Structures are given as C-alpha cells and as structure tokens.
Amino acid sequence: MVVLLSYGEVLVDFLPDDENMSYFPMAGGAPANVAVAFAKLGGKSHFAGSISSDNFGAFLDRELERYQVDRQYVHRTEHKNTALVLVSLDDKGERSFNFYRHNTADTCYGKSQIDLIDWQKVHIFHFCSNTLTNTAMFSSTLYALKKSKLNSNLISFDVNLRQQLWSELNLLPERVTTCLALSDLVKLSKDEANYLASQAGQTYQGYLDSLIALGVSLIVITDGENPIQAKSLTFNTLIEVPKIKAVDTTAAGDSFIASFIFSLSQHATLTSNSLVDVNKVTQAALFAAQCGAYTCQHKGAFAALPSIENLHIS
C-alpha cells in the first residue's frame, strides 16, 4: 500500500452559520486536511506536525484519530496554544481568512521531530507553503524535504499561498522557488500561478515552463469552475470540472490534491514516471475534480471530505 506523509499545520477553523452571525469550531489546516482526505478514501496516511495540549489541541488529536490518520509522528507541546482561523464565506461559498497564529503549536515542529520519522516506510511526502513563513519553519521544511529526497519519496507541493501569514512577504518567492526545485508534483491555483509569475517578472505560461525547467515533473492548476490544467514536459492538457453550486470552498483544494494522489496511488507503483502518463493524470484529475466538487457542497474541512461511498462509485 502506498503511504502518504502530510507535513505541516493542523488548526481550528471557525466557520460561520448561514447568517454569518455566529461561528462554530471545526478541525482543519491544509496538510491535515490532505491526510484526512487520503485516509477517508481508503489510503494510509500519516500526519507530521505539532499539536498543543490545550483543549483545542485535544479536539484536533481526537479528530485525526476519528478519521484514522496515523499520529505517530505528531509532536505534542504543552507550552503553545492552538492556531485558530476565522473563516468568512461570501454568497458563492468563497472564503476569506483571519488567522490567529503567532508562536502557536503548529510552528514548533523541528529537526528533532523530523529525525523520528521512518522515511523508508513513506512513499509520498506532501507539504504546503505555510511551513515556509518564518526562518525556523523554512529551515525545518527544507530538512524534511532533503530527508525525503534521500529516501526517493515522491514529493507533492500544494503551494496554497496565504500571504497574510508572512511577516516578510518579500521572502515568499525565493522560499517557494527553493521548494519547487525539490518537488515532483506541484499544485497551484490559477491566481497563485499568476501571482508568482508576476513576482518573477514572467508571463503565466513562461512561469510554468520555468517550473518544468527546475525539474518539476507535473504541474496541476485549478481555477474554480474553469478547467484544470495539467502540464508536464511532454503534455499540456485541460480537464473539465463538474458544474455545481458551492456552499463552502474551504477544503476544496486539499480534497483535490489528496484525491489526485490517491487515484495515482492505485496503480502498482507510484513514481515520478506516473506523473508524465497523460492517461493516468487525466483519470486522476477527473476523480479529484469529483472529490473537490463534493467538498464544495458541504461545510467544513475534515467533515466535508468524501469517502468512496459518498461518491457513489465502486
């Protein structure tokens, strides 16, 4: 069985009710969402990150256990609070965020914790850019990436930019590029790709070409209700997505990338070669689009991620 290790933050999302008058807590955080999504589909996933010993941290730990995510690489800390996010939704289900994440538990996963990971039992290492936002976390993320590379894991990077988390936004392009050069599979939204292209002084297509030149095997770009773009050295294709009315897009991208990897992992082996097979990539993107659409029609993060049964497929 292919094993996924998802690295980064788990936190509490406060989501609004239908009138946006009150908020209720739900477990979230992009890398944790990916671990849960992969497990709910029937995969084997680990989460690697720090969790506080406060009441919110206990809630998050229970939620990961509930969805059968392996927590042996979770670091528990008594001295930091849990990061919180206030999520606002517009009438199309699109979200905006107010983060309460200063020196919180999720920022404290370091090299000593990474050294405890049994990398030989991991096949896919997945991460996002929120562990690049300060120097210590960036250093730890690079350390984890290099450990993963040494063990020939496939590396998945959902860029997932949250500019408001960066105290030194000028460092974002360089740090993201450093990690892109170590990644096999890269997921971006169209807005993120345009932003990074602008920062690099390149056109959109020129920027994508530059990522392939860095060594990225496959770039997958989502664009809401518009087609998904999948680009490798040998193909550049568009895949249609289901037409739906979104309720909450909070974990849609996480659902997409987790299910995309899950679909690819159903083949006998999952290597960088799988990422340049246009038929496998198209099949995976169609499945992932279906999963993302399901998530958009349900509120929350963990709770909104589909199982195979939810999708009515065998």
query = Can you name the strands (runs of 3 or more DSSP E) wholly within segment 217-258 that have at least 1 residues being without any contact (Cβ under 8 Å) to a residue 40 or more places away in the chain, among the acidic types (Asp, Glu) and under 24 Å from Cys179 (Cβ atoms)?
reply = 218-223
task = Within segment 142-162, track down each residue that is in contact with a Leu (Cβ under 6 Å, 6 or more places away or on another chain) and polar (S, T, N, Q).
result = Ser156
key: Cβ-Cβ under 8 Å pairs, at least 6 apart or on other chains, segment 62-78 side over 13 Å from Tyr7 (Cβ atoms), far side in a loop (DSSP other than H, G, I, E, B) and of a type in the set (Ser, Thr, Tyr)   = Arg76/Ser53; Thr77/Ser53; Glu78/Ser53
message = Can you go through Arg162, Arg175 and tell me which one is more than 16 Å from the chain's Cα centre (by Cα), in contact (Cβ under 8 Å) with a residue 24 or more places away in the chain, surrounded by 15 or more Cβ atoms within 10 Å (Cβ to Cβ) and within 13 Å of Leu132 (Cβ to Cβ)?
response = Arg175
ask   = Restricting attention to segment 230-252, which residues are modelled with pLDDT of 95 or more and within 25 Å of Gly43 (Cα to Cα)?
value = Ala230, Ile239
inquiry  = Kindly evaluate Asn103 against the criterion of being on the phi > 0 side of the Ramachandran plot, free of Cβ contacts under 8 Å to residues at least 40 places away in the same chain, surrounded by fewer than 16 Cβ atoms within 10 Å (Cβ to Cβ) and over 18 Å from the mean Cα position of the chain (by Cα).
reply    = yes
key: Exclusive hit being closer than 23 Å to Gly43 by Cβ and either loosely packed, with under 15 Cβ neighbours inside 10 Å or at pLDDT 95 or above (or both), set Asn226, Asn279   = Asn279
request  = Inspect segment 180-203 for any residue being at positive phi and free of Cβ contacts under 8 Å to residues at least 12 places away in the same chain and give the result as yes or no.
outcome  = yes
remark   = Of Leu132, Leu60, the only residue that is aliphatic (A, V, I, L, M) and under 21 Å from Ile257 (Cα atoms) is Leu132
task = Just need a number here: residues in segment 61-85 that are over 23 Å from Trp119 (Cα atoms) and surrounded by fewer than 16 Cβ atoms within 10 Å (Cβ to Cβ).
result = 4
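The values are calculated or read from the model by the stated rules, or taken from the named source; none is laboratory data. The model shown is predicted, which means the values in this text are computed figures rather than measured ones. Cβ: placed from backbone, ideal geometry, glycine included. Neighbour counts: every protein chain shown.
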